[in-house]
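Below is one structure; the comments refer to it alone.
The values are calculated or read from the model by the stated rules, or taken from the named source; none is laboratory data. Remember, it's a predicted structure, so these values are computed and weren't measured experimentally. Counting neighbours? That spans all protein chains shown, and the Cβs are built from the backbone with ideal geometry, glycine included. Protein only, heavy atoms only, side chains kept; ligands, DNA and RNA dropped before computing areas. Shrake-Rupley method; radii C 1.70, N 1.55, O 1.52, S 1.80 Å.
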Amino acid sequence: MSPIRSATIAALASAVVATTLTGCQFGEAEQDTSPIVIAADLELSGAAATVGRTYQRALELKVEQLNSSGALNGRKIDLKVKDNRSDSAESLRNIVDFSSDSRVSAIIMGGCNECAVGAVGTINEKRIPTIALAASGAIAAPAAERRYVFKLGPNAPDSAAALTTELRRNNIRKVGMLVSDDDYGQEGATALKNELDKARISLRQQRIKTTDTDVNQQVQQLASGKPDAMVFWTPPEQATLAATSAQQTTFRGSIYFDAAAAGDLFLGAAAKATEKATLIFTQTMVIDDVIATTPAKAARRQWFQDYTARFGGYNGSSSFAADAVQLIADAELRAGGEIGKVDRNGIRDVLETSQMDGLSGPIRMTPDNHSGLMPQALTTLVARNGRWRLAG
């Protein structure tokens, strides 16, 4: 072989090696720059549209923040949103469509209990990690039968225990409860009765459908029993209606809201009816009242300020949606797998052992518990001058 030809071959070989090394930074693993695709099935129209739109705003804001933060190792989140029209059948069609898209890493479902409970079988069959923001415990338990399903949000037993502590502290002996006739409402009625029985506090209940827009009759029935307090365990809009209805009766006792009734920070037209009412919820709702003594509290304060600046107000449920995005993004990055390919099983495995001091509070997932919000995340809030404040 001539010296010239030999030198040419050597030069070409060196060029190939150099190109290869440039691509992987001299031995480092090739960087994955593929998008992290998160799908969202939300109630953007229909009976639950108010909460669904809150979740959409929170998801979009959190995705925007993560994408601009540089914390995703050169990757970006691509959010795919579909409206389920507050209908469980439409929701299930969305879940099937999302799971059939191999680019989708995981799904976030909105606040529709019926939608999430009804989709459990399909989610497990399709093996697609899913975080539901609905409240029903049946979504994520028993965990062994819901391997791919997780839940973020208050749990009925935790909320009932916190409510009962407040009722006992205020020497309440007789309670009237307005409760939604859905999975979470049934869980709440059972959990609160168990707690009140132990505290020797009597309970009388009235049920309403989640679609009811008039609760006057049920509230009047409760008021006729002359309770010391009324507990409203319903979605936010109905809780507001119930408080207004109670004001128009002879009832002059205290009003208490379960965590599922939490909505906007400012109470608006219902301010007079809800004055001095008690709400069990996470600290995020009133984080501007809290001194940021830890990085987690500082992050919650920043989220509160960013959300308020963007949307002109604050909704307590927004933090659950933001935490769901963070959990999925972290799981995607930790799961590894082939570059450019989604490892849903790996993401599921990471989610099942996730621990995070989130915007909502401490979150801990385990193989035995797929509902991650810890009881310590709940605190007591009081309505003062048209907005929620920390109690005390």
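The orientation-averaged projection of the convex hull spanning the C-alpha atoms of region 68-141 amounts to 5.7 square nanometres. The share of Cα pairs per 5 Å bin across region 167-253, counted from zero up to the longest distance, runs 3, 16, 28, 24, 20, 8, 1 percent. Computed over the chain, the per-residue total of -39500 (n - 2.57) for DSSP H runs of n ≥ 4 gives a 222 nm mean residue ellipticity of -13500 deg cm²/dmol, rounded to 500. Rounded if a/c is under 1.5, else prolate if a/b beats b/c, else oblate: with a ≥ b ≥ c from the C-alpha gyration tensor eigenvalues square-rooted, which is region 275-377? Prolate shape, in that a/c is at least 1.5 and a/b is the bigger ratio. What's the longest bit of the chain with no exposed trypsin sites (Lys or Arg not before Pro), using DSSP loop states and at most 15 other Cβ atoms within 10 Å as the test? Answer - 1-75.
How many percent of the alpha carbon pairs in the chain exceed a separation of 35 Å? The answer is 31 percent, as a whole percent. Its residues counted as N, region 194-293 yields a C-alpha radius of gyration over 2.2 N^0.38 Å of 1.14. In plain terms, the chain from Phe266 to Arg204 could stretch by 19.4 nm, reckoned as 0.36 nm per residue minus the Cα-Cα distance.
On the basis of the beta-carbon distance and an R0 of 25 Å, Arg252 and Arg173 show a calculated FRET efficiency of 0.95. Accessible area per residue for region 107-169, computed on protein heavy atoms with a 1.4 Å probe, is 32 Å².
Computed from Cα atoms, the angle from the helix 113-126 axis to the main principal axis of the chain rounds to 30 degrees.
Each other residue within a Cβ distance under 11 Å of Leu178 adds +1 if Lys or Arg and -1 if Asp or Glu, for a net charge of -1. Within the accessible area of the chain, the carbon and sulfur atoms contribute 49%, probe 1.4 Å, all protein chains present. Seen from all directions on average, region 36-103 presents a Cα convex hull projection of 4.6 nm². Normalising the average separation of contacting C-alpha pairs (under 8 angstrom, six or more residues apart) by the number of residues puts the relative contact order of region 63-204 at 16 percent. Accessible area per residue for region 282-392 is 41 Å², calculated with a 1.4 Å probe on protein heavy atoms, without ligands, DNA or RNA.
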